[in-house]
Amino acid sequence: MSDSAEHTPRLAAGRRIVVKIGSALVVDATEAAPREAWLASVAADIAWLRASGAEVIVVSSGAIALARRALGLTQARLRLEEKQAAAAVGQIRLAQAWSAALSAQAITAAQLLLTLDDTEDRRRYLNARATIATLLGLGAVPVINENDSVATLEIRFGDNDRLAARVAEMVQADQLVLLSDIDGLYTADPRRDPAARHLPVVAAITPEIEAMGGEPPPGYSSGGMRTKLVAARIATQAGCAMAIARGGVAHPLRALAEGARC
């Protein structure tokens, strides 16, 4: 087991787990298509966690990335209305991909599209929470994404790290996992600074820790370490442990449970 595993809650011990997965993991950028084999491995991990008694909720990006090429939207930056159009097309493809992956494990997938208002307006918050709880009680896996087809610049999260943290807070999850292209928080960007040190445990989100977030990466992703640290503050203040783990490997949740660095 890694040093971090000695200090952080074990994933397999979680009773309600939220897993956030970014566009770069869900979508093959070359093919602009779902990474089906990888999604199948994640679905197998979810089945394994459920067999241990855990409830699992997925927060998945990827809708816009799945539709860009089909709509001819291949430029680096999209206007808001172009993002909304791409989301309307891509959300169907994303839901189909998750439904296929989870149904292979005899699991029913459910789709929920949320906006910022759904986590801030009391009545909508309670309604969304009740829907998720009912789905979990019926044995389904909720797959949640931001409702980008209607969200405006003023009422959108803009990244699913914070959405996942709000969902974890809403459902009183005990563990939140952000699957990423990096195996945790470093003192600096390890791709640019060879002296960057990995931090296996962060006890508190201080200004010094926040300064390690840097800028979001280029490409389809709208997140980056900065938004993950914002998510960490939301989740941990709600009593939910959070891990940042490498997601690009097959069976990333099983690997995390078995002690992969995070």
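Dipole of the range 60-199, Cα-centred, from +1 at each Lys and Arg C-beta and -1 at each Asp and Glu C-beta, to the nearest 20 debye? Working shown, then result.
On the way: 16 positive and 17 negative charges, 58 e Å.
Dipole about the Cα centre, nearest 20: 280 debye.
Would you mind computing, in nm to one decimal, how far apart the modelled labels at E258 and R10 are, each placed 7 Å from Cα along Cα→Cβ?
Distance between the two pseudo-spin positions: 1.5 nm.
Rounded to the nearest 500, what is the chain's calculated 222 nm mean residue ellipticity when only DSSP H runs of at least 4 contribute -39500 (n - 2.57) each, over all residues?
So the helix-based figure for the chain works out to -12000 deg cm²/dmol.
Compute the label zone of R191 within the range 233-257: residues whose backbone N is under 16 Å from the point 7 Å along Cα-to-Cβ.
245-249
For a quick protection proxy, order the peptides 20-31, 188-199 by their average other-Cβ count within 10 Å, most packed first. Could you put the intermediate results ahead of the total?
Numbers: 20-31: 20.1, 188-199: 12.3.
Taking the mean over residues of other Cβ atoms within 10 Å, the ranking is 20-31, 188-199.
Packing-wise, with mean Cβ within 10 Å as the measure, how do 140-146, 50-56 rank, highest first?
Sorting 140-146, 50-56 by mean packing, highest first, produces 140-146, 50-56.
With each pseudo-label sitting 7 Å past Cα toward Cβ, what's the A33-T108 distance in nm, one decimal?
The answer from the label model is 3.0 nm.
Which value, in debye to the nearest 20, gives the size of the charge dipole of the chain about its Cα centre, when Lys and Arg are +1 and Asp and Glu are -1 at the Cβ? Provide the component values of the computation, followed by the final result.
Working: 28 positive and 28 negative charges, 53 e Å.
Value, rounded to 20: 260 debye.
Taking only the alpha carbons of the range 95-190, what extent do you get along each of the three principal axes, in Å, biggest first?
Over the range 95-190, Cα extents along the principal axes are 43, 35, 28 Å.
Pop a pseudo-label 7 angstrom from the Cα along the beta-carbon direction at both T74 and D181 and give the gap in nm to one decimal.
Each label point lies 7 Å from its Cα, and together they span 2.0 nm.
Laboratory data are not the source of any read-out in this text; all were calculated from the coordinates shown. Everything quoted here is computed from the prediction, not taken from an experiment. Reconstructed Cβ throughout: ideal geometry from the backbone, glycine too, with neighbour counts over all protein chains shown.
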